1. Write down the accessible area per residue of segment 126-256 in Å², having rolled a 1.4 Å probe over the full set of protein chains.
2. Figure the gain on full extension for GLN105 and VAL210 (residue separation times 0.36 nm, minus the Cα-Cα span) and round it to one decimal in nm.
3. What lysines could a cross-link reach from LYS240, if we take a straight Cα to Cα line under 19 Å and drop same-chain neighbours fewer than 8 places away?
4. Give, in nm to one decimal, the length gained when the segment between LEU49 and ASP63 is fully stretched (0.36 nm per residue of separation minus the Cα-Cα distance).
5. Relative to the present Cα-Cα distance, how much length would full extension add between ASN188 and CYS256 at 0.36 nm per residue of separation?
6. Long-range amide H contacts for SER119: which residues qualify at under 5 Å (H placed 1.01 Å from N, peptide plane, sequence gap of 5 or more or a different chain)?
7. Using alpha-carbon positions, what is the distance between the centroids of segment 67-116 and segment 147-225, in Å?
8. Applying a 10 Å radius around every beta-carbon, put 166-179, 119-132 in order of their mean neighbour count, most first.
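The values are calculated or read from the model by the stated rules, or taken from the named source; none is laboratory data. In this text the structure is predicted, and so the values were computed from the model without any measurement. Here Cβ is always computed from backbone atoms with ideal geometry, including for glycine, and neighbour counts include all displayed protein chains. What goes into the accessible areas is simple: the full protein's heavy atoms, side chains included, and nothing from ligands, DNA or RNA. Shrake-Rupley method; radii C 1.70, N 1.55, O 1.52, S 1.80 Å.
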Amino acid sequence: MGLFKPAILLLAASLIGTADSLAIEYPTAHQPGLGANYTGVARALNTALTSYTCKSEYIDFSDPSALSKFNVAWCPQNAYQTSNSVVWRLTPDCGTTMIYPWDFQYGKLEARIRASPGSGVVSTILLAGPDPADELDWEWVGKDTWTAQSMYFVKGQRVDPNAAFFHTPGDTPQDMAAGFHNYAIELNKDSVKWYIDDWLTRTLPKLDGVPFPSGASRARMGVWDGSQTSGWAGTVDWSKGPFTAEMQWFKFTPYC
């Protein structure tokens, strides 16, 4: 299931840079949070336009300035840096959504993440384009952090009704909330590929006549309350908080 999108949360994110720019320019201030009890608003925070770059970037969150390279477009108080990571926190007020301010047409998104445990808590990293959004997801539902869910949407609609579930490589699955693992989504002209710890877990080929998410272009990530998703994510028990996920590094590689 993709990020929950309440109809009232239609908001355009700030457009950073120009479509033909190759230089990375970063926002100087975070956008304000929306003040509601949902953080699954990545599709609602799409820009009306895309801002393409051919510049790759690796961002290490041991750098104190790393967070300034993103728009924290949802509840910025719940995204903060430690000495070696950025923390995404879910509270009864809200979670958080971070947006990398550049797009690629084809490329690879990579990050090293520890998911959050807890029923109803959803950690995610994804690629999405302008509304109606093509979208490619990695999501971790806190009631089962032994699996990661890969999903995709075309023009905001589910094409495959079932999420594909994957565990860490090897014969002994690991709890993805107990430690950090590397995750990647690669969008190519003729396929999408999902990876865990450099292991290719899933390939979605582009087929004639079958909708394909070729417009998924901008990286978004964070944590949100999935309590109102008809049981898919479970219900948050706030007495068991605080609920946090973390990201140690982020890599954005356009294929130009």
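1. 42
2. 35.9 nm
3. Leaving aside lysines fewer than 8 places away in the same chain, those within reach of LYS240 are LYS143.
4. Extending this stretch completely gives an extra 2.0 nm.
5. That works out to 23.4 nm of additional length.
6. ASP237
7. 18
8. The packing order, highest mean first, is 119-132, 166-179.
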